[in-house]
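Here is the structure we will look at, set down as structure tokens.
The values are calculated or read from the model by the stated rules, or taken from the named source; none is laboratory data. These numbers were taken from a predicted model, which means no experiment stands behind them. Note that we place each Cβ from the backbone using ideal geometry, even for glycine, and neighbour counts take in every protein chain shown. Heavy atoms of the whole protein, side chains included, go into the accessibility calculation; ligands, DNA and RNA do not. Shrake-Rupley method; radii C 1.70, N 1.55, O 1.52, S 1.80 Å.
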Amino acid sequence: MFHTKKRTFEQHHNENITYYQFSTINTVNHKQLNESIDTDICIVGGGLTGLSAALHLSNKGYSVTILEANKIGSGASGRNGGQLGIGMRKDQFYLEKKFGTEKAKIFWSVGLDAVRNVLKLIKKYEIDCAIKPGVLHVGNTNKDYKYFLDEINHLQKNYNYEEIKYFDEKAIKDEILSDRYYSGILLKDSFHLNPLKLTYGLMNACLKNGVKIYENSPVNQIIEKSNNIEVKSNLNLINTKKLVVSCNGYLDNLLGSVRNYFMPINNYIIATEPLGEKYARKLIKRDVAVSDSRFMIDYFRFSEDSRLLFGGPETITSNFVKDAKKFVSKRMIKVFPDLKDVKIDFAWGGTLAISVNRMPQFGTLMKEKLYYAHGYSGHGLAMSIMGGKLVADKIIGKNDLFDLFANIFHLKIPGGDILRRPIYSSSIIYYRLLDYISRL
Ligand SMILES: Cc1cc2nc3c(=O)[nH]c(=O)nc-3n(C[C@H](O)[C@H](O)[C@H](O)COP(=O)(O)OP(=O)(O)OC[C@H]3O[C@@H](n4cnc5c(N)ncnc54)[C@H](O)[C@@H]3O)c2cc1C
């Protein structure tokens, strides 16, 4: 049950299309690599991390080649919840305790810059990705309000941060037409958007810079040479001065034991039929994205054509669930019982990389000829684009922020290849239980 010979990216072969693929026109198809080539920089993985690194490096004049096992954006980047959130995955209380106030403040400003950086890219490259402002965190229990008020107070006092609004029980029930929530905070400078449109926007910017992109070209082996790296993709050899590996949850064993420091998790989303703008505003009054306060988070928002996109449940098995529609619908109906007869037009899953402390994992191997960035722990829409930029900065010689992240200590997920899924799954069951108890 826990093992498959399939590589993680192959889970997406022959699957039904996602809502994002349905809603997004991509006129560019990239050929498969069928010759051996030389390049300054080779990037493995055509998601937001890889595209962002490629864009920043090609802007500096490097010749860049991207090898993507599937299609550009076929990983998490083109199939996520679309919440472009500030901060890191964990809150400032946690970061201060774990890393000290000084570092926590830098992480906070990186998290803000990550979102601002995406806004700048959208403007500069005129990317139409249906971006809208506002992410609302809602409390599932009648105790969450204390945490929300503490957080607001802390951010105002210590981070001079005011772009946050509190909702009490009455106010939150007016915002979201559900009886599940007791309080909430709105992050006004977080956003939500169509992530595949964003991914293609960055891809097109890369192409204008002369970046070479190959699809259906999985990398099978990486070999260190004295001054360069040889990369094998099927029968072809890529001779590169530097290599960036940006495969995130789909990494498998391409970098050996590096995979043991995060858990690949599958998360699922459904898209309803279009519900109409008027009804959509009845369910979510201000058209913001919403995520809840449980360990196993529910998140939802409306698409540009008024479909409810609802995500949340996770599995840690190496195969996706067969009936994602049913799996996710159950949770959606608990939040919005009135939607029980609504047609679900699309259902899909994606794989993300979760680290124990929920911080991204950046690093170098092969005497700084190989760079990797992954492990955004479900908070990677802005941070993967930042991750790619920081990798590019590091290659160019600007080390500080990359090194700050690379020096974070990460625990190994115990159990090796055979036991880590069962071990992690037991901890998930424990937290699911806590989610359940907290509602009693
Ligand atoms: C269902 C879901 C919902 C999410 N919701 C949110 C959200 O709302 N907000 C948020 O901030 N984050 C969210 N995330 C996380 C976010 O999507 C990721 O952190 C981010 O997209 C990671 O980008 P990436 O480029 O590093 O990885 P990916 O986009 O996963 O790209 C990795 C690429 O590497 C390729 N690859 C793998 N192996 C090889 C190989 N051997 N050779 C060549 N290519 C290879 C894969 O095919 C894939 O295209 C979500 C993730 C999922 C799955």
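Here are some notes:
- In region 310-338, the residues that are free of Cβ contacts under 8 Å to residues at least 24 places away in the same chain reach residues that are of a type outside the set (F, W, Y) and in a loop (DSSP other than H, G, I, E, B) with C-beta atoms within less than 7 angstrom, at least six apart or across chains, in these pairs: I333/K340.
- Any hit, region 272-288, residues being of a type in the set (F, W, Y) and crowded, with 22+ Cβ neighbours inside 10 Å: no
- Among (1) in a loop (DSSP other than H, G, I, E, B); (2) over 30 Å from C129 (Cα atoms); (3) open to solvent by less than 10 Å² (accessible area, probe 1.4 Å), the one test that M296 misses: (2)
- In summary, strands (runs of 3 or more DSSP E) completely within region 194-274 and bearing 1 or more residues that are over 25 Å from A289 (Cβ atoms) and within 11 Å of the ligand (Cβ to nearest atom) occur at 212-214, 219-224, 229-233, 236-245.
- When L186 is tested against (1) more than 30 Å from G134 (Cβ to Cβ); (2) crowded, with 16+ Cβ neighbours inside 10 Å, only condition (1) is not met.
- Residue within region 52-63 that is in a loop (DSSP other than H, G, I, E, B), open to solvent by 30 Å² or more (accessible area, probe 1.4 Å), touching a helix residue (DSSP H, G or I) at 6+ places or on another chain (Cβ under 7 Å) and among the polar types (S, T, N, Q) present: no
- Odd one out for R259 among (1) in contact with an Asp or Glu (Cβ under 9 Å, 6 or more places away or on another chain); (2) touching a residue at least 40 places away in the same chain (Cβ under 8 Å); (3) over 29 Å from T27 (Cα atoms): (2)
- Evaluation of L187 against the conditions (1) more than 14 Å from the ligand (Cβ to nearest atom); (2) out of contact with any Lys or Arg (no Cβ under 8 Å at 6 or more places or on another chain); (3) in contact (Cβ under 8 Å) with a residue 12 or more places away in the chain shows that the sole unmet condition is (1).
- Checking the stated criteria, I223 turns out not to satisfy the condition of being β-branched (V, I, T) and touching a residue at least 24 places away in the same chain (Cβ under 8 Å).
- Restricting region 358-399 to residues that are farther than 21 Å from T39 by Cβ and charged (D, E, K, R) leaves a set whose member that is most open to solvent (accessible area, probe 1.4 Å) is K398.
Yes or no, residue by residue, for (1) without any contact (Cβ under 8 Å) to a residue 60 or more places away in the chain; (2) open to solvent by less than 30 Å² (accessible area, probe 1.4 Å):
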| site | (1), (2) |
| --- | --- |
| K120 | yes, no |
| D128 | no, no |
| N142 | yes, no |
| Y145 | yes, no |
| Y181 | no, yes |
